[in-house]
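Below you'll find the structure, written out as structure tokens, and then a few comments.
Every read-out reported here was derived from the displayed coordinates using simple, explicitly stated rules and does not represent laboratory data. Everything numeric in this text was worked out from a predicted model, so none of it was measured. Cβ atoms come from the backbone with ideal geometry, glycine included; neighbour counts cover every protein chain shown.
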Amino acid sequence: MPKISAATIVQHRAQQERLILDAAHAILEETGDVTSMREVAERAGLARSSVYHYFGSREALLNALVQDVFPKWTERVTNAMAAEPELSGRIIAYALANVQLVEEGAHAVGSALAALSPGEALNEQATQMHRAIQEPLIETLTELGVQNPGGLGELINSVIHASTRLLESGQQPEQVYAGLTAVIGPMAREMQSQKVQEIKGAQAAEVALLDDCS
């Protein structure tokens, strides 16, 4: 069992929880599920009773993983979008970042949670975190002037989901990324073009109005 030294009890608890969460996440990435707390304890090098001391059940551990992983997922997606100067590029970045995270194993947490039976349902916080991931996309679509940003956002996310299924079926990531870009890219650029034309039209109308008044 690894010795964990910490200056305070609070720090010790945080280190123990971090050790357990990392072990559970590693198992999820490798197998797609956390079947038992004993498995997590063995991976973390702790007694099973120690794991239960910090997380009272498998479901509590999975909930903690959601709280740990999804904010990092949101930050990764948001940063990828922020790096793009054009709105159309942000939509493509959103799609690619989500699929890349799945390819890297982050989606394993969500998959395990989705497999829980109704009696083991997640709390509302997990749903709120999932919505938070989609917020940057909805904001971008709104800025582009899309009439139904929520509906179009769902459509884009369905394409992302289909791409993740291709990854899970064994298709090479590069092929999946290329296919995703081929579907999302033209749509995003068309929306950008329409937005530019609307702005130019509004500017021309304003100039014409000023000319009439002069």
Where trypsin sites (Lys or Arg not before Pro) fall in DSSP loop in region 1-62, at most 10 other Cβ within 10 Å: Lys3
Mind ranking 85-96, 171-182, 149-160 by how tightly packed they are, going by the mean number of other C-beta atoms within 10 angstrom, highest first? 85-96, 149-160, 171-182
